[in-house]
Amino acid sequence: MNQCNHSCSNTNNINCNPFSCHNLDLEDLESYKERIKKDAELYVQQERMSLICCFLPILDNLEKAICCANNFIKHPLSSYSYYTSSKEDGIISGVKIIIKQFKDILDHIDVHKIDVDNQKFDPKFHHAIQQVAGSGPPGMIVAEVESGYMYKGEVLRPAKVIVSKSEVKNFGHPRGSSFSYKLPCVD
């Protein structure tokens with residue numbers, strides 16, 4: 001049989017054009033190719049974002065480890081004094097190098113930390129986890145609890161922040177009305 005496989009009435013396979021059988025023209029084909037290409041690029045970008053988000057908690061934990069080590073060294077518990085040995089200093093330095101390598105890789109693939117210093121709270125980039133009465137204007141970021149990151153202009157993870165609120169009158173609160181919250185590990 002010399003029947004065309006494209007469900008058209010053409011009986012000669014040699015001269016059969018599959019696009020004419022389905023009433024497709026070259027413009028439709030080019031449009032289809034572009035749409036498939038854009039969909040593939042979007043899929044790849046979404047997968048990259050998902051993968052990057054999987055690694056961000058590791059960076060957070062490395063930074064917390066350095067912060068805790070520095071706080072323990074600077075503020076030993078009660079009557080104990082603690083001095084680091086060269087071995088412990090080497091471990092801390094090694095973790096700092098790993099953090100720097102991690103951040104360099106993120107920078108290379110266009111992942112950037114969301115700036116929170118002297119910034120007004122913006123729900124597009126920040127996630128407020130607490131409000132505290134502070135000396136600054138309301139709505140300003142007081143402290144960062146967890147870093148936020150952007151990838152190619154899109155928020156991967158919003159920064160978790162503490163935001164100042166307007167002053168409230170002290171009605172017997174033990175800390176007073178102008179209590180400000182400062183995280184011990186904020187750089």
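The values are calculated or read from the model by the stated rules, or taken from the named source; none is laboratory data. Note that the structure is predicted; figures quoted are calculated from it, not measured. Reconstructed Cβ throughout: ideal geometry from the backbone, glycine too, with neighbour counts over all protein chains shown.
Summary of values
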item	result
Any chance Lys113 is exposed (fewer than 12 other Cβ atoms within 10 Å of the Cβ) and modelled with pLDDT of 85 or more	no
Qualifying positions in segment 112-123 - over 11 Å from Gly148 (Cβ atoms) and within 15 Å of the chain's Cα centre (by Cα)	Pro123
Tally, over segment 111-150, of residues that are assigned to a loop (DSSP other than H, G, I, E, B), among the β-branched types (Val, Ile, Thr) and out of contact with any Phe, Trp or Tyr (no Cβ under 6 Å at 6 or more places or on another chain)	1
Residues that are under 30 Å from Gly134 (Cβ atoms) and not β-branched (Val, Ile, Thr), drawn from segment 105-123	His112, Lys113, Asp115, Asp117, Asn118, Gln119, Lys120, Phe121, Asp122, Pro123
Failed condition for Ser147, given (1) surrounded by 16 or more Cβ atoms within 10 Å (Cβ to Cβ); (2) of a type in the set (S, T, N, Q); (3) at pLDDT below 90	(3)
Residue match in segment 1-23 (condition: at pLDDT 60 or above and in a helix (DSSP H, G or I))	no
